[in-house]
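Reading through the structure tokens given below for one structure.
The values are calculated or read from the model by the stated rules, or taken from the named source; none is laboratory data. From a predicted model like this one, the values you see are computed outputs, not experimental measurements. So basically every Cβ, Gly included, is an ideal-geometry build from the backbone, and we count neighbours across all protein chains shown.
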Amino acid sequence: MSWKFFLYDWGDLNIALFQAINTGTPAALEPVAWFFSLVGSYWTAPLMLLGLWWCSKSATDPARSAVVLQRLIGFSVAFLLALLASAALKLWLDFPRPSAVLGDMVHVIGEIERHYSLPSGHATYAALVVGALWPLMGRRGRIGLVLYAALVGWSRIAAGMHFPADVLAGWGLGCICTALAGRVMPLAAPMWQSARHTSVWVWYAVAAGAIMIDQLAKFAITRTFAYGEQVEITPFFNLVHVLNPGAAFSFLANAGGWQRNFFITLGLAVSAWLGRMLCQQRPRLEALGYSLILGGALGNVADRVLRGQVVDYLDFHWRFSHWPAFNWADVTISLGAFCLIYIVMSQNTVTNSG
């Protein structure tokens, strides 16, 4: 017998528990399952970040404000770790969803999905929320957090999207990433100290947001589009699914394979330099430019590490001429570069007029 039979199937108990919960959920509770699937989604992360930021600013006690800010930074780090780890596990294992295993025996709330069941991204995110808010809550608040995570996990089984083992794996992954973030933060204490005085964490949050949007868009494209498929949106714009082994806008796409490691190394080196630049006090537009380039660079680096190539999906064309397909990471890099170019041009204009 394989390891999967013991660790994942639990000797067929995993399927039995799923069927008991999925078929035993009354129709009256379907809106509840839908709601907790919604609030347990990665898409609510910006609201979580905004809420923690508002709490840190509105707190009258400086010590309380510092603690909330620390939780915000820790949640951001844990979120990025979980996003990358979850995507890697889903792509590597590619466990089938309940609908692919049990067919019409599954009651599905929403669209039917058949791939990438382990781990449950919703359960992972719920564990990240619990880990971020746990130190800030009293006894009743912590009970509410545990109930929230449990209901998010239940909702994914009731909706026919995940097996119980997927939910447990998601909770475990979220806890591990929260713990890792707690270990990483003391090692980066000088950076956090600088962030408290220069608001550098705001620009890291911008970079994190760019990475999140980029990876979620790429994940959605790879899940819904066959490779090479394209869908016309307007007379000049298509959504496509293509893979690019080169850099932005397909630069060096046909170089022969060596470019993957080169661009991974280059992307990490540039990202480290940009992160260091953001630790220093910078004008807002300059800091925005650096943060956008940082987010775009890491978004494409994540693709090269996880998939070997970069997923492109934005295709602009005019008649028979197509601009090379690109992605959101390329857009943020271009926007960041535009910010820096605009600063240089403005400075030259002031110098020439003077």
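So the values come out like this:
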item: Qualifying position, being in the same structural domain as residue 159 (by TED's automatic domain parsing), over 12 Å from the mean Cα position of the chain (by Cα) and buried (at least 19 other Cβ atoms within 10 Å of the Cβ), among 65, 37; result: 37
item: Selected residue [surrounded by fewer than 14 Cβ atoms within 10 Å (Cβ to Cβ) and in a helix (DSSP H, G or I)] from 28, 85, 45, 78; result: 28
item: Some residue of segment 136-147 being within 19 Å of the chain's Cα centre (by Cα), buried (at least 17 other Cβ atoms within 10 Å of the Cβ) and assigned to a helix (DSSP H, G or I); result: no
item: Residue identified as at pLDDT below 85 and not in a helix (DSSP H, G or I) among 256, 267; result: 256
item: Unmet criterion (only one of (1) of a type outside the set (Lys, Arg); (2) assigned to a helix (DSSP H, G or I); (3) in contact with a helix residue (DSSP H, G or I) (Cβ under 6 Å, 6 or more places away or on another chain); (4) touching a residue at least 24 places away in the same chain (Cβ under 8 Å)) for residue 305; result: (3)
item: Residue 237 being modelled with pLDDT of 80 or more and in contact with a helix residue (DSSP H, G or I) (Cβ under 8 Å, 6 or more places away or on another chain); result: no
item: Residue list for segment 294-339, filter: closer than 17 Å to residue 243 by Cα and over 20 Å from the mean Cα position of the chain (by Cα); result: 315, 316, 322, 323, 324, 325
item: Residues (crowded, with 19+ Cβ neighbours inside 10 Å and either of a type in the set (Val, Ile, Thr) or assigned to a helix (DSSP H, G or I) (or both)) located in segment 110-132; result: 121, 122, 123, 124, 125, 126, 127, 128, 129, 130, 131, 132
item: Residue 337, sole failed condition from (1) within 18 Å of residue 273 (Cα to Cα); (2) crowded, with 16+ Cβ neighbours inside 10 Å; result: (2)
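Here's the yes/no breakdown for (1) assigned by TED's automatic domain parsing to the domain that holds residue 298; (2) at pLDDT 75 or above; (3) in a strand (DSSP E or B):
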{"position": "169", "(1), (2), (3)": "no, yes, no"}
{"position": "172", "(1), (2), (3)": "no, yes, no"}
{"position": "175", "(1), (2), (3)": "no, yes, no"}
{"position": "192", "(1), (2), (3)": "no, no, no"}
{"position": "209", "(1), (2), (3)": "yes, yes, no"}
{"position": "223", "(1), (2), (3)": "yes, yes, no"}
{"position": "228", "(1), (2), (3)": "yes, yes, no"}
{"position": "241", "(1), (2), (3)": "yes, yes, yes"}
